[in-house]
1. Over all alpha-carbon pairs in the stretch 5-183, figure out the percentage whose distance exceeds 30 Å.
2. Could you order peptides 143-155, 62-74, 115-127, 443-455 by the average number of other Cβ atoms within 10 Å of their residues, highest first?
3. With Rg and the Kirkwood Rh both taken from Cα atoms, where does Rg over Rh land for the stretch 9-113?
4. Once the Cβ-Cβ distance between residue 13 and residue 134 is put in as r, and R0 is 25 Å, what FRET efficiency do you end up with, to the nearest 0.05?
5. Given points 7 Å out from each Cα along the Cα-Cβ axis, report the residue 177 to residue 265 separation in nanometres with one decimal.
6. I'd like the antiparallel share, as a percent to the nearest 5, of DSSP beta bridges with both residues in the stretch 5-183.
7. Once you place label points 7 Å from the Cα toward the Cβ at residue 20 and residue 240, how far apart are they in nm?
8. Please list, ordered by chain and number, the residues whose modelled amide H lies under 5 Å from the amide H of residue 302; skip anything fewer than 5 residues away on the same chain.
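All of the numbers you see were taken from the coordinates with simple rules; none came from a lab. In this text the structure is predicted, and so the values were computed from the model without any measurement. All Cβ positions, even for glycine, are placed from backbone atoms using ideal geometry, and neighbour counts span all protein chains on display.
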Amino acid sequence: MAAPRVFVSSTAYDLALMREVLSRFVTSLGFEPVLFENGDVLFDPREHIHTSCLNEIGTCDLVVLVVGGRFGSIAVPSATTMLDLDKVWRQYDLSQSLPESSTLSVTQAEILRASELEIPIFCFVERAVYHDLRLFRENRDVAGLFDLITFPSIEQPESARYIFEFIELMETRSHNNAVIPFDGAEDVENHLRRQWSALLQRLLRDSRQRTIERNQSESFASQLEDLKTAVLGSIDDKDARDIARGVIRFRTLVDFLSAMRLDDFGVVYADAPPNWPDLLQLCGIIDVEEDLERQNRPAPPRLRMTRTDGAILELRLSYRRYLEVGRDWDAFVLLEPSKRQIIVDSLLEGRDSRSPLIRVLPPVPPDAETGSSAAQFSAAVDQQVQQGAAVLSFKHDEGVQLFGVRCVVRTPEGEDIVSGLPTARGPGDLELRYPGDFKSAPQPLTPGLYTVTWELKAQDPDSMEMSWSEQLKESFLYPPS
């Protein structure tokens, strides 16, 4: 019988006893511990051992991270190149200083790999180190800090900054960001025992709830089919029966069309209506993608649609259901125009203007005093690209609170490069230089069209969770024409 695999990530020399205790503890629960010193990691003779450790992460179900006073070995480039850092950094607050891939320790690389794969991480920090972290935070802006202050918990003073900043980085994840101080192995065991028991209890409860909801849904669907059959069977006129059937089938499609606010709704009733891709173009939709941040959370599925004006629309449908709406349109346009109009009029009669299916994502949360969002945003690309760099500017109203701003540049080869924190040029003006301010950007610039997307961190009013949303898009050509 397969058992959950638990990868133990830490420096080995100073935490050898802790690793041994954790191995016994994990085994006592019926789980499979994975520790490199016990031969649990496959060391492929064709790879560096660091790369083998990162590969093993993908075979595990849980990761336990223990941080002590040592930094450990620097990960070799062949290991760090495995990491999709652009994807990983999207989980973190980019106002924090991000480590260069060349400075990552093996332990840090293991944790970033687990983050990339969305494997649950349970992070523990020795209490002495956590105490020194508070001292570091209070004095981080002091010139010559590490010459003036000794951090007793850190064995090598030159590694203190890297250890503290990585702990801070773990705390800034958008989820799974708990960091637990501990005094001894017993603290770690007790915390894991409670957490894993609670996690199992929640999974069992969620499974029961899904079963109940599935049974209710199946029962409702069966009753609805019986009702539809009875209603349609009572209608003798064929045209009336077609209209009744259309009212039942095309409800979601009409909700979608209504929410899109077509400039010319007459295309819906036209003798030669557009196909589905052309209809989306008429609605100003240039991109539809799944909201990946919701995929690994117990939340309803969402799609995000980008309009030509840069607005982001949230579609409260799964991608599969969205495709079904497209197929519904293909069937809808086969009906006679008069029947289409009657179906649409019947479904829209008495509706208010608000759509339960689509909403425009706000760039920032509503203002606390006025209850409205009056922020104005703009972006521009400075034409200094002939000097081998593009100046990317972002402006917003002064006084508007932004939870986060980041910039993503898509290269001509289709690779997305994520920025660090923009440089403030004024109260409402941020600036970046590409490729200089993008750590993973290839240099020099290669010829072609670059797409620049500014993303804002906003709060979902339903779940109250923070997430990134695209707000502004620009582009620049290199070399300039």
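1. 15 percent
2. Going by the mean number of other Cβ atoms within 10 Å, highest first, we get 62-74, 115-127, 443-455, 143-155.
3. So for the stretch 9-113, dividing Rg by the Kirkwood Rh gives 0.97.
4. So, using R0 = 25 Å, E works out to roughly 0.45.
5. 4.3 nm
6. Restricted to the stretch 5-183, the bridges split so that about 5 percent are antiparallel.
7. About 8.6 nm, to one decimal.
8. Amide H neighbours of residue 302, under 5 Å, 5+ apart: 291.
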